[in-house]
Amino acid sequence: MSERLSAREILALVADGSAFRELPGVMREPRPDGPLGWQGYDASRARAADRTGEQESVVCGTATVGGTRAVLIAFEFGFLGGSLGERTGDRLEAAYHHARAHRLPVVPLVATGGSRMQEGMLALTQLQRVARESALTREAGLPQIAVVRDPTTGGGWATLGAGADVVLALPGAQIGFAGSRVRPAEADPAAYTAEAQVAAGSADAVVRPGELRETLGVWLRLLTTPAQEAPVPHALGAAGLPGTGWEAVRRARSPERPRAGAYLDAYFTRRVSIDGDRCGGTDPDGMLCGFGERDGRTVAYAAQTGTATRPAGYRTAARLIRLADRLDIPVLTLVDTPGAANDAEAERQGAGPAIAEVFGAVAAARVPVTTLVVGEGGSGGALALAAPGNTWATPDSYFSVIAPELAAAILKRRPEDVEATADQLRIRPQDLVELGVVRGIVDAAADRPRP
């Protein structure tokens, strides 16, 4: 279990200096013992106020975080377990209104046990208010970055936490829909931790408290300073063009060829990653997604790493592209896969629908999408990430309707016919330019594409 910080402590940890300014408390007049007339509720609220110095379970205001101004929503777990009631909903609604009126990102710093039982269903319906405000803020093109603390359970996790664009978690925090008092007796407690949620793709990263301000500052700056477009990266590998189709395949499959990590390092001065498809899966070995800084502005990226891409990788890429589109951030995609994973587990995980998500996200994107084929371009699993009309290739890459070996097998050709089949498929970079599949071949020396 991580250290439980009060609302004021987490605000001091996150905000620059003494920059936090609390928003006026917009709350309805309390009814005696609340809307249900719950005996003793007023006394409980009074004790909570005396103990914490707060009048409700959330403190809302504005501050700069790493130099970027934002609306901060800090939960006070000491006030009735950080629970949500009608007056909590009033404060949250006002905070989101302020964010949209002033075009500010929203940072919920969540620590809550869920909805307030003393207010019954009226407390639970505050989740609908929160979801509505979050949706309106999303439609306004403003980022929401949640920091989930110990504990974050129930509706607070299912709205302000898991519903954010980016989810950061404090180490060891209890995070899950079911709190410790309501989960099954045989449940594994380790499944309800920050680390487990990151592993399951429901949160993006675990961040130590001492690094929180810097990390949030980077995220806020990147998500609010978009570039106009994503320039085409220069090639990092071999410069000469392949003589045959099979040579193109061998060069693309060479273990010495630069992979996605090298291209991203050369392209960005700094970058942060999103991780997970929010459906229980991750594909860290097959797909790298996130946002990076180039020439002081932000470009989003989704990059295949040279392995067979898993369904979770495609869903994460679709999540990244949709988020970038909402925030008006251009996208760079790097294509490098022998194809989509096609084993039985991949089919059970929804390989087809996951690839369809990426095709749809790229097709629907209003922001510029730039694609560079840096290695293998294996069939539809590679094409899903390719921008129509704005795809480029490196000299040590190929793009094919299917792998030459599989093409030969389907055509019932002999194994020794594979190389000739590769030539027939016309998969070399120069073939792709001639066919109009790619716009040009990137020149390693000149740092610009050549048509």
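The values are calculated or read from the model by the stated rules, or taken from the named source; none is laboratory data. Note that the coordinates shown come from a computational prediction; the quantities given were computed from them, not determined experimentally. All Cβ positions, even for glycine, are placed from backbone atoms using ideal geometry, and neighbour counts span all protein chains on display.
Examine the range 187-204 for a residue that is outside any loop (DSSP other than H, G, I, E, B), among the polar types (S, T, N, Q) and in contact (Cβ under 8 Å) with a residue 24 or more places away in the chain, and state whether such a residue exists.
Yes, the range 187-204 contains a residue that is outside any loop (DSSP other than H, G, I, E, B), among the polar types (S, T, N, Q) and in contact (Cβ under 8 Å) with a residue 24 or more places away in the chain.
Of GLY261, GLY339, GLY290, GLY276, which residue is more than 25 Å from ALA364 (Cα to Cα) and not basic (Lys, Arg)?
Matching residue, one of GLY261, GLY339, GLY290, GLY276: GLY261.
Can we say ILE402 is farther than 15 Å from THR244 by Cβ, in a strand (DSSP E or B) and either in contact with a helix residue (DSSP H, G or I) (Cβ under 6 Å, 6 or more places away or on another chain) or not β-branched (Val, Ile, Thr) (or both)?
No: the conditions fail for ILE402.
Restricting attention to the range 109-168, which residues are more than 22 Å from the chain's Cα centre (by Cα) and assigned to a loop (DSSP other than H, G, I, E, B)?
Selection gives GLY113, GLY114, ARG116, THR125.
Could you grab the pairs with beta carbons closer than 7 Å, sequence gap of 6+ or different chains, first residue in the range 348-367 and assigned by TED's automatic domain parsing to the domain that holds ASP283, second one of a type in the set (Val, Ile, Thr) and not in a helix (DSSP H, G or I)?
Pairs found: VAL362/VAL369; ALA365/VAL331; VAL367/ILE329; VAL367/VAL331.
When you scan the range 165-173, do you find a residue that is crowded, with 24+ Cβ neighbours inside 10 Å and more than 21 Å from ARG278 (Cα to Cα), even just one?
no
Restricting to the range 397-412, name every residue that is in contact with a Leu (Cβ under 9 Å, 6 or more places away or on another chain) and β-branched (Val, Ile, Thr).
Scanning the range 397-412 gives VAL401, ILE402.
When the residues of the range 95-128 are filtered to those that are at pLDDT 95 or above and among the basic types (Lys, Arg), which remaining residue is farthest from THR64 (Cα to Cα)?
My answer is ARG100.
Please go through (1) assigned to a helix (DSSP H, G or I); (2) loosely packed, with under 15 Cβ neighbours inside 10 Å for ARG31 and return the number of the only condition it doesn't satisfy.
Single failed check for ARG31: (1).
This table checks each residue for (1) crowded, with 24+ Cβ neighbours inside 10 Å; (2) within 20 Å of THR62 (Cα to Cα); (3) assigned by TED's automatic domain parsing to the domain that holds ARG181; (4) in contact with a helix residue (DSSP H, G or I) (Cβ under 9 Å, 6 or more places away or on another chain).
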| residue | (1), (2), (3), (4) |
| --- | --- |
| PHE79 | yes, no, yes, yes |
| GLU86 | no, no, yes, yes |
| ALA94 | no, yes, yes, no |
| ALA99 | yes, yes, yes, yes |
| ARG103 | no, yes, yes, no |
| LEU109 | yes, yes, yes, yes |
| GLY120 | no, no, yes, no |
| GLU133 | no, yes, yes, yes |
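Anything in the range 222-241 that is over 23 Å from THR394 (Cα atoms), of a type in the set (A, V, I, L, M, F, W, C) and in a loop (DSSP other than H, G, I, E, B)? List them, or say none.
ALA227
Would you confirm whether or not the range 335-353 contains a residue that is surrounded by 24 or more Cβ atoms within 10 Å (Cβ to Cβ), more than 17 Å from LEU432 (Cβ to Cβ) and either among the polar types (S, T, N, Q) or within 18 Å of the chain's Cα centre (by Cα) (or both)?
no
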